[in-house]
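Before any comments, here is the structure.
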Amino acid sequence: MSYEKIIETSIKKEMTLLGDPVALRQARKVEGLEVNDDGEITNLEGDGLELFEELVSSYEDVSGPVVDALIAKELNDVFGENLEGTELPERIEKNL
């Protein structure tokens, strides 16, 4: 599973929860990650796992630790068994 898909899915989920302006602002704070106004990744530079961890931390800043469970649930719903073998942050893994 590509980190680009994981990150994009997480951004789009947060857009539904936090609203587009807040979710996009938080995603755009992650250095190496560029997203358009639809939440689609336009550029990804760096280690995907590290960028995903930074993204989750950025969302936690505005919504608290519940974000770990919400993103984990969304990833499981969208990707299911396809996540097997993909390294994820421990904070997400424990909520799958």
Search result, residues across region 49-64 that are of a type outside the set (V, I, T) and either touching a residue at least 12 places away in the same chain (Cβ under 8 Å) or touching a Ser or Thr at 6+ places or on another chain (Cβ under 9 Å) (or both): L49, L51, F52, E53, E54, L55, S58, Y59, D61, S63
Positions within region 1-20 being more than 10 Å from the chain's Cα centre (by Cα) and closer than 20 Å to E60 by Cα, in sequence order: M15, T16, L17, L18, G19, D20
For E87, state whether it is at negative phi and in contact with an Asp or Glu (Cβ under 7 Å, 6 or more places away or on another chain). no
Restricted to region 33-56 and to residues being surrounded by 16 or more Cβ atoms within 10 Å (Cβ to Cβ) and among the small types (G, A, S), the residue nearest to K12 (Cα to Cα) is G39
So R28 ticks every box in (1) surrounded by 16 or more Cβ atoms within 10 Å (Cβ to Cβ); (2) out of contact with any helix residue (DSSP H, G or I) (no Cβ under 8 Å at 6 or more places or on another chain); (3) not hydroxyl-bearing (S, T, Y) but one. Which box is left unticked? (1)
Any residue that is small (G, A, S) and over 14 Å from the mean Cα position of the chain (by Cα) - is there at least one of those in region 21-36? no
Cβ pairs under 9 Å, 6+ apart, first in region 1-26 and among the small types (G, A, S), second part of a loop (DSSP other than H, G, I, E, B): S2/T86; A23/G39
If P65 satisfies all but one of (1) of a type outside the set (V, I, T); (2) modelled with pLDDT of 95 or more; (3) surrounded by fewer than 19 Cβ atoms within 10 Å (Cβ to Cβ); (4) out of contact with any Leu (no Cβ under 8 Å at 6 or more places or on another chain), what's the number of the condition it fails? (2)
Return yes when L96 is modelled with pLDDT of 95 or more and either surrounded by 18 or more Cβ atoms within 10 Å (Cβ to Cβ) or at negative phi (or both) and no when it is not. no
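The values are calculated or read from the model by the stated rules, or taken from the named source; none is laboratory data. On a predicted model such as this, the values are computed, not experimentally measured, just so you know. A quick note on method: Cβ atoms are made from the backbone with ideal geometry, for glycine too, and the neighbour counts reach across all protein chains shown.
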